[in-house]
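Here's the structure, in structure tokens; my notes come after.
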């Protein structure tokens with residue numbers, strides 16, 4: 001190979017790694033296309049990274065991993081967490097049922113849609129912070145102690161294959 005070709009390959013790899021969110025600091029995450037990052041302080045952004053770093057990586061598939069819950073006075077349950085993609089593909093238009101369970105009892109259950117326009121695309125080994133909001137009509141037990149809980153998902157999505165450059169970037173996440 002010529003020096004120019006080798007240089008271009010190395011430059012492409014380095015650019016891919018920087019665009020992929022690759023970091024020795026931990027797992028990759030990103031905001032959706034409509035989220036205004038200027039609304040977050042450096043401490044907020046670091047808090048997201050710290051929470052994600054403490055979570056075990058899923059073996060495969062798409063899941064929601066929660067880290068905080070709260071009930072409103074009107075009975076609404078909010079579950080804060082990360083939607084996580086370990087499918088080996090880039091996914092979008094995610095939809096399906098997400099249940100919050102405690103000791104196999106369903107606490108809340110609802111059908112959610114994460115449309116590409118609002119949520120964006122989620123790359124392989126990428127996570128996105130999100131808040132699931134269950135209004136009172138979807139909450140079975142508004143008194144449940146959710147200091148520990150399980151999130152059960154039955155999700156479908158549209159997927160696309162990764163380009164070679166995207167695939168190389170995903171190896172370093």
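Residues that are touching a residue at least 12 places away in the same chain (Cβ under 8 Å) and over 14 Å from the mean Cα position of the chain (by Cα) within the range 114-137 comprise 117, 133, 134, 135, 136, listed in sequence order. Among the residues of the range 85-98, count how many are closer than 24 Å to residue 168 by Cβ and buried (at least 22 other Cβ atoms within 10 Å of the Cβ). Summing the residues that are closer than 24 Å to residue 168 by Cβ and buried (at least 22 other Cβ atoms within 10 Å of the Cβ) in the range 85-98 gives 2. Just one of the listed residues (152, 110) is touching a helix residue (DSSP H, G or I) at 6+ places or on another chain (Cβ under 9 Å) and either surrounded by fewer than 19 Cβ atoms within 10 Å (Cβ to Cβ) or over 20 Å from residue 31 (Cα atoms) (or both), namely 110. Taking the numbered list (1) without any contact (Cβ under 8 Å) to a residue 40 or more places away in the chain; (2) surrounded by 15 or more Cβ atoms within 10 Å (Cβ to Cβ); (3) farther than 22 Å from residue 102 by Cβ in turn, residue 58 passes all entries but (3). State whether one or more residues within the range 126-135 are modelled with pLDDT of 95 or more, exposed (fewer than 14 other Cβ atoms within 10 Å of the Cβ) and either in contact with a helix residue (DSSP H, G or I) (Cβ under 6 Å, 6 or more places away or on another chain) or assigned to a helix (DSSP H, G or I) (or both). No, the range 126-135 has no match at all.
Among the residues of the range 74-89, none qualifies, meaning not one is within 13 Å of residue 149 (Cα to Cα) and without any contact (Cβ under 8 Å) to a residue 24 or more places away in the chain.
The values are calculated or read from the model by the stated rules, or taken from the named source; none is laboratory data. Computed from a prediction, not measured in an experiment: that's the story for all the values here. Virtual Cβ from ideal backbone geometry, glycine too; neighbours counted across all protein chains shown.
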